[in-house]
Amino acid sequence: MKLTIKILVGLLLGAIVGLILHITAPDLFTGFDTYLFSPLGTLFLNLIKMLVVPIVFFSITLGTASLGNPRKLGRIGGKTLAFFLATTTVAITIALALAYLFKPGNAGIDPTGAEFESTKAPSVVDTFTSIIPTNPIQSMVEGNMLQIIAFSIFVGFALAMLGKKTEGILKLVEQGNEIMMFLVNLIMRFAPYGAFGLLASAIGRMGIDGMKAMISYMAVVFIALIIHAIVTYGSAVYALGKMNPITFFKGFFPAMTVAFSTSSSSSTLPISMKMAQENLKVPKPISSFVQPLGATINMDGTAIMQGVATIFIAQVYNTDLSFTQLVMVVLTAVLASIGTAGVPGVGLIMLAMVLQQVDLPVEGIALIIGIDRILDMTRTAVNITGDAACAVVVAESEKKHSKESTVEV
């Protein structure tokens, strides 16, 4: 809790300092941002990113190997995917409903002059066919998480099947995972300073005017994120995970603050796994399998942003979407969220894919790009909370099978 308080203080001070400098001394802010705020934030992000690829490889490999027989692996994998797809569908539905209820795009915003250079998003077919890496080392160099996860699952499966023949390799993977966890604890001491730098830079660049212009859009996204986190995840944890939602959120809160400051599910992965295992008592094998997988394919917060943004842009451009187009928004956003890398800002690229699917102008993204950093922070916190909720639910459901195994023995 001491670390959580320090991170929260860092976030608050960063917001206050950034806002004051933006209002009173923009030129001074530029100097501070260049030589203090941005370097602090970048150093913190780089320290965590340094561990992401090895931690995903070690944890997924170890998690898969620890699960043992293929039947157990398939059972846990099936539950995890089912949970992720179900909650993402609920998330996008909440987003569309609230966007139509509050109509944020009818606030008289002028889309004239909005320019956005979109990066071509990968097709759904390309996303699925590229999951198996042709060169695992290259995938690690490029940080392609889906391919790293696929390779790690294969390696873990082989270790589980070969048993005593590969005890040495399994021991090496376990030791590698221990090294990563030690480094996480070391790097987290720098988290409050990194959080200060990241938020001071983001708020200082944006200021009050940029936020006022899009306050209605932000409000709808925030409300959708809060409803989804409290109602959807809270209900799942309570009904399926047999855990008090207050205990869940309190135990996982430190990881949420780090996710908020980094805007990256992948970068927050080491901390979120630590909180789930230590505070929520999720068994290490389940946490090591579910959470790295979730950091790559479970992006409920991103799906919410895509849903609200699509309706918002349609309303700004006075375009009515048909029921068929709305269904396409849901399907595309769910599939796009699976292929969304857990790094800052990539949600905008996926949003371009959703807009193209329903024939809306991609240029409309320029209307929200200015405030996306703040929303990115919030939705990342929701994304990793969904991963932890899934881990809690899967862990509870596996207790029955553990008891059955004990009885058989």
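If you check Phe83 against the conditions, is it buried (at least 20 other Cβ atoms within 10 Å of the Cβ), in contact (Cβ under 8 Å) with a residue 12 or more places away in the chain and closer than 23 Å to Ile148 by Cβ? Write out each step before concluding.
On the way: buried (at least 20 other Cβ atoms within 10 Å of the Cβ): yes; in contact (Cβ under 8 Å) with a residue 12 or more places away in the chain: yes; closer than 23 Å to Ile148 by Cβ: yes.
So Phe83 passes the test.
What helices (runs of 4 or more DSSP H) lie completely within the stretch 269-357 and have 2 or more residues being farther than 22 Å from Lys49 by Cα and at pLDDT below 80?
Numbers: elements: 284-297, 300-316, 323-338, 346-357.
By residue number, 323-338, 346-357.
Just to be sure before I move on: is Ile60 β-branched (Val, Ile, Thr), over 27 Å from Leu186 (Cα atoms) and at pLDDT below 80 in the structure I sent? Give the derivation first.
On the way: β-branched (Val, Ile, Thr): yes; over 27 Å from Leu186 (Cα atoms): no; at pLDDT below 80: yes.
The answer is no for Ile60.
Right, Leu11: crowded, with 17+ Cβ neighbours inside 10 Å, aliphatic (A, V, I, L, M) and over 19 Å from Thr262 (Cα atoms) or not? Lay out the reasoning, then the answer.
On the way: crowded, with 17+ Cβ neighbours inside 10 Å: yes; aliphatic (A, V, I, L, M): yes; over 19 Å from Thr262 (Cα atoms): no.
Considered against the rule, which asks whether it is crowded, with 17+ Cβ neighbours inside 10 Å, aliphatic (A, V, I, L, M) and over 19 Å from Thr262 (Cα atoms), Leu11 comes out as no.
Within the stretch 88-103, can you find the residues that are farther than 11 Å from Thr310 by Cβ and either crowded, with 23+ Cβ neighbours inside 10 Å or hydrophobic (A, V, I, L, M, F, W, C) (or both)?
Hits for the stretch 88-103 are Thr88, Val90, Ala91, Ile94, Ala97, Leu98, Leu101, Phe102.
Output the helices (runs of 4 or more DSSP H) that fall wholly within the stretch 210-266 and possess 1 or more residues being surrounded by 14 or more Cβ atoms within 10 Å (Cβ to Cβ), in contact with a helix residue (DSSP H, G or I) (Cβ under 8 Å, 6 or more places away or on another chain) and free of Cβ contacts under 8 Å to residues at least 24 places away in the same chain, or say none. If you could, list the steps in order and put the result at the bottom.
On the way: elements: 215-227, 234-239, 245-262.
Here the list reads 234-239, 245-262.
Among the residues of the stretch 101-114, how many are assigned to a helix (DSSP H, G or I) and either at pLDDT below 90 or touching a Lys or Arg at 6+ places or on another chain (Cβ under 8 Å) (or both)? Talk me through it step by step, then tell me what you get.
In the first step, residues of the stretch 101-114 are kept if they are assigned to a helix (DSSP H, G or I); the result is 101-102, 104-106.
With the extra rule that they be either at pLDDT below 90 or touching a Lys or Arg at 6+ places or on another chain (Cβ under 8 Å) (or both), the set shrinks to 102, 104-106.
Adding up the residues that qualify gives 4.
The values are calculated or read from the model by the stated rules, or taken from the named source; none is laboratory data. Just so you know, these numbers come straight off a predicted model, no measurement behind them. FYI the Cβ positions are ideal-geometry reconstructions off the backbone, even for glycines, and counts take in every protein chain you see.
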